[in-house]
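Down below is the structure, laid out as structure tokens.
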Amino acid sequence: MVWLFFLASCASVQKPTQPMIYASAALKAAERAQAETRAPDLFRRAESAYWEAKKFYLAKEFEEARKKALEARRLAEEAERAAELKEAESEGG
């Protein structure tokens, strides 16, 4: 009985395709905002989380990949906002 529950729970884990796509798009947006130079710490953390997500995805550890992809997206979006704020401050100051 426990074995059947385990198999059913494993089968229900889907590939985190959408979270991976969103994380990639968020990283590209952060790059366009020049977050690599304007918010380098956040950008590096986002990039690192994204590469970890890819590693988990390739290893078929889909739940871990999803978590890391969500983290990467959140960090990339923060990096983009920080970069845009820094740009606005430099233009106004």
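Taking only the Cα atoms of the chain, the ratio Rg/Rh comes out at 1.20, with Rh defined as the Kirkwood radius. Protection proxy ranking for 26-38, 51-63, using the average of other Cβ atoms within 10 Å per residue and placing the highest first: 26-38, 51-63. Seen from Lys15, the other residues with C-beta closer than 15 Å to its C-beta sum to a net charge of +3, counting Lys and Arg as +1 and Asp and Glu as -1.
Taking the longest Cα principal axis of the chain as reference, the axis of helix 62-92 is set at about 10 degrees. Counting Lys and Arg as +1 and Asp and Glu as -1, what is the net charge of the other residues whose Cβ lies under 14 Å from the Cβ of Ala53? Net of charged neighbours comes to +4. Working note: 222 nm ellipticity from helices only, DSSP H runs with n ≥ 4, each -39,500 (n - 2.57), summed and divided by the residues of the chain, gives -28500 deg cm²/dmol to the nearest 500. Give me the angle, in degrees from 0 to 90, between the Cα long axis of helix 2-11 and the longest principal axis of the Cα atoms of the chain, rounded to the nearest 10. Once rounded, one gets 40 degrees. With contacts taken as Cα pairs under 8 Å at a separation of at least 6 residues, the range 41-93 carries a relative contact order of 41 percent.
Taken together, the values in this text are just the output of simple stated rules run on the coordinates, not laboratory data. All figures in this text were calculated on a predicted structure; none of them were measured in a lab. All Cβ positions, glycine included, derive from the backbone under ideal geometry; neighbour counts span all protein chains shown.
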